[in-house]
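A.B. asks: Handing you this structure, nothing more for now.
Nothing in this text is a laboratory measurement; each read-out follows from the coordinates by a stated rule. This is a predicted model, so every value here is computed, not measured. All Cβ positions, glycine included, derive from the backbone under ideal geometry; neighbour counts span all protein chains shown.
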Amino acid sequence: MKVMVLGGGGREHAVVHAFSKSKITTGLHCCPGNPGIAKLAECHAGDPCNPAEMTGLCKKLGIELVFAGPEAPLVAGTADALRDAGILVMGPGASGARLEGSKAFSKQFMKRHGIPTSDFDLCTNLDECKAALSKRSAPFVVKADGLAAGKGAFLPDTFDEAVSICRMMLEEQKLGAAGNLIVVEDYVPGMEMTVLAFTDGKTVRILPSSQDHKRALDGDKGNNTGGMGAYSPVPWVDEKLIKKITDEILTPTVNGLKEDGIPFIGVIYAGIMIKPDGSLSVLEYNVRLGDPEAQVVLPAFGGDFGEVVSACAAGRLADAEWPGAARVALGVVMASGGYPGTFEKGLEITGADEEEENTFVYHAGTKKDAQGKLVTNGGRVLTVVGIADDLKTARDRAYARVAKISFDKCHFRNDIGDKSLKAK
Ligand code: GLY
């Protein structure tokens with residue numbers, strides 16, 4: 001099939017890489033892509049959030065299957081327009097994308113369908129926020145309803161800090177329309193994991209489990225980021241837990257979407273907390289693969305990615321061969337100094353281009369400068385992945401590869417996977 005991947009980050013590089021190894025792929029395109037992706041696919045300038053433009057581009061190229069990487073094009077209705085044009089798409093339409101595009105919608109959806117999640121209040125003014133916060137104790141959880149490029153969730157330690165965050169959104173309008181409605185919810189302690197599943201609206205299939213490392217610094221310290229590293233599969237996630245997650249979360253989600261008349265073909269990302277008593281709580285839904293989770297889950301997956309995506313997009317997921325994890329992958333994000341705050345761009349990157357067995361360097365915030373040199377162009381610059389039969393070797397391979405790459409002010413965590421390795 002002629003395949004188009006929408007997006008240009010590390011996750012999309014992993015998706016393009018997985019398609020490049022699939023026996024269904026006869027042509028591989030990406031919009032807009034990045035310098036790493038450009039080695040595997042033909043990259044096209046364009047705006048994935050413009051449904052008409054994407055439909056025109058895909059029609060012109062004879063694309064048969066589109067994989068939507070990020071959430072924004074899905075919320076914008078790009079998948080609807082492509083499907084209307086007769087193209088297979090992995091990614092829900094705008095109605096299904098609300099599971100990620102509106103935190104209020106997703107909390108109400110979970111409540112309506114008996115899917116475990118923490119209690120919450122929806123607030124449209126500061127008095128409502130203060131009342132909702134007064135019912136709870138630290139750490140508080142405050143979220144913007146709309147999409148905020150990963151910057152809309154807060155865990156303030158004090159009541160006053162929580163109120164200032166609400167004021168920043170509601171009155172100072174720092175997150176624009178995304179912050180006009182606020183979700184205040186109970187904090188859930190426990191162990192966090194990511195479950196990525198495919199659904200064609202009827203069947204649900206789970207990809208290998210993964211764990212992200214969201215804080216900027218070692219030991220889960222520092223600010224929340226989009227993710228500083230991940231590994232897959234998670235050794236303590238066993239069949240019993242997967243069955244519980246399927247029965248209590250994934251199947252009710254697919255059934256709930258059906259009951260609500262929301263068509264959904266694509267990825268369900270459930271951020272799950274396993275509470276100290278073993279019960280589950282959904283922290284959030286996303287309607288796409290995680291980043292950096294995709295960079296480890298796809299190399300760990302033992303199946304043919306193109307085959308399972310095309311079967312899912314065509315509504316035939318039940319027929320797809322689905323073998324589960326065949327390897328262990330661990331990824332370390334190399335970020336710009338200062339991320340997730342302000343950072344410099346345009347710094348030369350060396351050592352990222354060499355090919356090495358059992359490692360892979362996924363590009364995210366990179367670009368070629370006017371002289372053709374690879375330079376930094378974003379907060380998360382690269383995800384460096386080690387692949388092996390066991391977590392320790394995957395970790396050692398990833399960090400050995402990281403040591404050969406450099407750019408000024410580079411920052412990465414040194415403890416990706418350590419908790420699971422120590423627990424073992
Ligand atoms: N790594 C978290 C996310 O993709 O949302």
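A.B. asks: If I model a spin label as a point 7 Å beyond the Cα along the Cα-Cβ vector, how far apart are those points for L122 and K21 in nm?
C.D. replies: For the pair L122/K21, the computed spacing is 4.3 nm.
A.B. asks: Follow-up. What does the charge add up to near A138, with Lys and Arg as +1, Asp and Glu as -1, over the other residues with Cβ less than 12 Å from its Cβ? Present the calculation step by step, with values, prior to reporting the outcome.
C.D. replies: On the way: positive: R136; negative: D157, D160, E161, D186.
The answer is -3.
A.B. asks: More than 35 Å apart: what percent of Cα pairs in the chain qualify? Present the calculation step by step, with values, prior to reporting the outcome.
C.D. replies: Details: 21858 of 89676 pairs.
So the pairs more than 35 Å apart make up 24 percent of the total in the chain.
A.B. asks: Under 11 Å from the Cβ of V361, count the other residues' Cβ atoms, weight Lys and Arg +1, Asp and Glu -1, and hand me the total.
C.D. replies: Values: positive: K39, R401, K404; negative: D353, E354, E355, E356.
Here the count lands on -1.
A.B. asks: Could you give P(r) for the stretch 1-99, binned at 10 Å from zero, as whole percent values over all Cα-Cα pairs?
C.D. replies: 18, 54, 26, 1
A.B. asks: Here's a follow-up. How big is the convex hull of the Cα atoms of the stretch 327-424, per residue, in Å³?
C.D. replies: Values: hull volume 8.5 nm³, N = 98.
Given the Cα convex hull of the stretch 327-424, per-residue volume reads 87 Å³.
A.B. asks: Of the options G152, L181, V204, report the single residue whose Cα projects farthest towards the positive end of the charge dipole of the stretch 147-214 (beta-carbon charges: Lys, Arg +1; Asp, Glu -1).
C.D. replies: V204
A.B. asks: Along each principal axis of its Cα atoms, how long is the stretch 204-273 end to end? Whole angstroms, biggest number first, please.
C.D. replies: Result, largest extent first: 43, 26, 17 Å.
A.B. asks: Okay, moving on. Could you work out how far the C-alpha centroid of the stretch 115-190 sits from that of the stretch 357-424, in angstrom?
C.D. replies: Here the answer is 33 Å between Cα centres.
A.B. asks: What are the DSSP H helices in the chain that stretch 24 Å or more along their long axis, judged by alpha-carbon atoms, and whose average Kyte-Doolittle hydropathy comes to at least 1.6?
C.D. replies: Numbers: long enough: none.
Qualifying helices, which must be both long enough and hydrophobic enough, do not occur.
A.B. asks: Let me make sure I get this right: for the stretch 140-263, a, b and c are the square roots of the gyration tensor eigenvalues over alpha carbons, sorted descending. Under 1.5 in a/c it's rounded, otherwise prolate if a/b > b/c, else oblate. Which is it? Walk me through the numbers before you get to the answer.
C.D. replies: Values: a/c = 2.35, a/b = 1.41, b/c = 1.67.
Oblate is the answer for the stretch 140-263, as a/c is 1.5 or above yet b/c matches or exceeds a/b.
A.B. asks: Follow-up. Within the set of other residues whose C-beta is less than 13 Å from the C-beta of I416, count the net charge using Lys and Arg as +1 and Asp and Glu as -1. Show your work: numbers first, answer last.
C.D. replies: On the way: positive: K214, R215, K392, R395, R397, R401, R413, K419, K422; negative: D212, D218, D220, E293, D396, D415, D418.
Charge balance near I416 sits at +2.
A.B. asks: Which entries of K107/K174; K23/K419; K174/K345; K2/K345; K143/K221; K107/K202 show an alpha-carbon separation above 31 angstrom in the structure shown?
C.D. replies: On the way: K107/K174 23 Å; K23/K419 37 Å; K174/K345 23 Å; K2/K345 34 Å; K143/K221 20 Å; K107/K202 22 Å.
Long pairs (Cα-Cα over 31 Å): K23/K419; K2/K345.
A.B. asks: V5's amide H: which non-local residues (gap 5+, or another chain) put their own amide H closer than 5 Å, with H modeled 1.01 Å from N in plane and none for Pro or chain starts?
C.D. replies: H29, C30, C31, F67
A.B. asks: Using only helices, what value at 222 nm comes out for the chain when you add -39,500 (n - 2.57) per DSSP H run of length 4 or more and divide by the total residues, to the nearest 500 deg cm²/dmol?
C.D. replies: Numbers: 14 runs with 123 residues, N = 424.
Rounded to the nearest 500, the figure is -8000 deg cm²/dmol.
A.B. asks: Can you give the three extents of the C-alpha atoms in the stretch 248-380 along their principal axes, from longest to shortest, in whole Å?
C.D. replies: Rounded to whole Å, the extents work out to 54, 33, 31 Å.
A.B. asks: To check my understanding: the extent here is largest minus smallest coordinate of the Cα atoms along each principal axis. What are those three numbers for the stretch 95-200, in Å, largest first?
C.D. replies: 43, 29, 23
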